[in-house]
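Asks: This structure is in structure tokens; I'll ask about it shortly.
The values are calculated or read from the model by the stated rules, or taken from the named source; none is laboratory data. What you see is a predicted model; the values in this text were computed from it and never measured. Don't worry about glycine lacking a Cβ; one is built from the backbone with ideal geometry, like all the others, and counts go over all protein chains shown. Accessible surface is based on the protein model in full, side chains and every heavy atom, while ligands, DNA and RNA are left aside. Shrake-Rupley method; radii C 1.70, N 1.55, O 1.52, S 1.80 Å.
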Amino acid sequence: MFWMRSLLMVFLAGILTTSIAAGSPLSINYRLETEKAGAEERPDSLLLQLRKNYARAVSDKKEVEAARYLHEMGRVMYQTGYYPQALDYYQQAEKRFREQQQDEHLARNLNDQGLLYYYSHQPDQARQYYDKALAIYQQRGDRAGRAETLGKIGHLYEKQQRYDRAFHLQRQALADYQRVDHQAGTAKIYENLGSIYEDLEQYDSAYVNYSKALLINKKNGNEIAQIEILNNLGDVLRKTGRYRQGMAYSWQALALAQQKGVRYQLTSAYNDLAKGYNLLNRNDSAYYYLSLSRRYQTDIYSEEANKQMALLQTLYDLEKKDNEIESLTHEQERARLITGSVVLIVLLVVVVGGLVISRQRLKLKNEQVLRSQNEARNQLMLMELKNKKLEEESLRQQLEVNAKGLTSHTLHLIEKNQFLDGLRSTMESMVKEEKRDQKKQLKQLIEQIQQNITHDDHWNEFRTVFEQVHQSFLTRLQQQCDNLTTNDIRLVALIRMNLDSRDVATLLGVSTDSLRVIRYRLRKKLNLPQGDSLSAYIQSI
């Protein structure tokens, strides 16, 4: 009996190793989903039909419907283990759901992407998608969706052995499901709680939660869900040494699996019976049920392999067809481009030819016009040149006249002022005499003479003629020193004419001593350094 028991243990280890190696979580998930739904359609046929429906929805511009087909194609690829293709379909669906603001579908799609990352052993990525889905459900006030997502996050924590956090989230999910009376969800959370307790080896609590899940599923008639829970109850009892009671649950699971034709659950039930009989030292029975389990396991994986091969062939054919269509499309576009280019070139040749001929004609015509214009322009330039020379000669003559007039006018002023100055001196001496009856009249006459010497009208006339001869001189002067008075400007103008100090004093009606004071003040206003010639500075402006 010892050799048989050893052979049985080796055989059992081989079964478990094969199951782990061949049955990845995603493959197992595919079997569960397929069997629970009772789907008989092969994944390759299903994918083809979904692609046809998607193409029709896109053609009819039904964006939401197209997004849902993309989501379903992602689920098919996910359930058969083709992660990259599944992720691509999910991402396309997510983009369309967001654009169409379909929050409910978007949240479901995000949850499925999280599950995909979970089975890809990327828990951080999975948590990000779960959180996005949870935020949408909370915003919508969807308790059932929120509970489903919390359950998934709690399961994530359970696999990370963060049991306190897993319990907290599963209980939150349970409260949400119970509040909306969601029986199937409530049963699933009890099953999750039982799994956590089983991991913690708190088998009594695990048994209680599994029993609650089983009772709800029996009440709702969900026999597929009952099979897995019955197997879990059998495991708990077997782990606590109650082998026969545990095997009773395994027999119930086996009967339901046979009734429903769920072969994966048949494999589990046979495997659990083998474990029970082994623990009861009934190794012949254990070996028999292990053989049955292995046979079903082999059949399942063989069928799944065939389905995956068919799906892979379908994917290859679809990709080949897409490539051929894309190549044909490119060829058609290239042909259209070549045809269009040829037509365009012909049109360009015709247009360019017409433009060349037209340009030559226009060039000849323009040359004739230009010759006529050049001749007219040359004649006009000759006339303008003659007129300019005449104007310059006229201006030169006018300046000479003005200069002579300015000199004559200045000399006249000097002579008049000298005469008046002498007359004033004579009258001042008469005023000093004792003849009082003439004193008042002579004094008035002196004032009139004084006014006549410095009358502004003469200076205005003088300034006009001065500016004609010395163009822009006064403007440049005021730009260099803008605080000059009228008397200052008169002094500068007289110095500019190279008059000596005596004549300047006579024209201004002041003494030579007063003129020195006035020149000193002008030097300060002009900021002229000591030692520099005032006359030279004024001549340089």
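Asks: Over all directions, what mean area does the Cα convex hull of the range 85-192 project, stated in square nanometres?
Replies: Values: hull surface 26.4 nm².
Projected over every direction and averaged, the Cα hull of the range 85-192 covers 6.6 nm².
Asks: Right, here's the next one. Roughly what would the spin-label model give for Lys432 and Ala175, points 7 Å off Cα along C-beta, in nm?
Replies: Placing both labels 7 Å along Cα→Cβ, they lie 12.7 nm apart.
Asks: How much of the accessible area of the range 78-170, in percent, comes from carbon and sulfur atoms when a 1.4 Å probe is used? Mind dumping the intermediate values first?
Replies: Working: 1760 of 4470 Å².
Here it works out to 39 percent.
Asks: Can you tell me the Rg and the Dmax, both Å, for the Cα atoms in the range 487-541?
Replies: 10.4, 28
Asks: While we're looking at this one, here's another question. For the range 262-301 and the range 338-353, compute the distance between their C-alpha centroids and round to whole Å.
Replies: 80
Asks: Binning at 10 angstrom from zero up to the longest distance, how are the C-alpha pair distances of the range 222-302 distributed in percent?
Replies: Histogramming the range 222-302 at 10 Å steps yields 22, 52, 24, 2 percent.
Asks: Turning to a different aspect of this structure: For Lys61 and Val208, FRET efficiency with R0 = 45 Å and r from the beta-carbon atoms, rounded to 0.05? Don't jump to the answer; show the numbers that get you there.
Replies: On the way: r = 54 Å, r/R0 = 1.20.
About 0.25, to the nearest 0.05.
Asks: Per residue and in Å³, how big is the convex hull formed by the alpha-carbon atoms of the range 31-147?
Replies: Numbers: hull volume 12.6 nm³, N = 117.
Convex hull of Cα atoms, per residue: 107 Å³.
Asks: Quickly rank 131-143, 249-261, 332-344 as a protection proxy: mean count of other C-beta atoms within 10 Å, highest first. Could you put the intermediate results ahead of the total?
Replies: On the way: 131-143: 16.8, 249-261: 18.8, 332-344: 10.1.
Per-residue Cβ counts within 10 Å, averaged per peptide and sorted highest first, yield 249-261, 131-143, 332-344.
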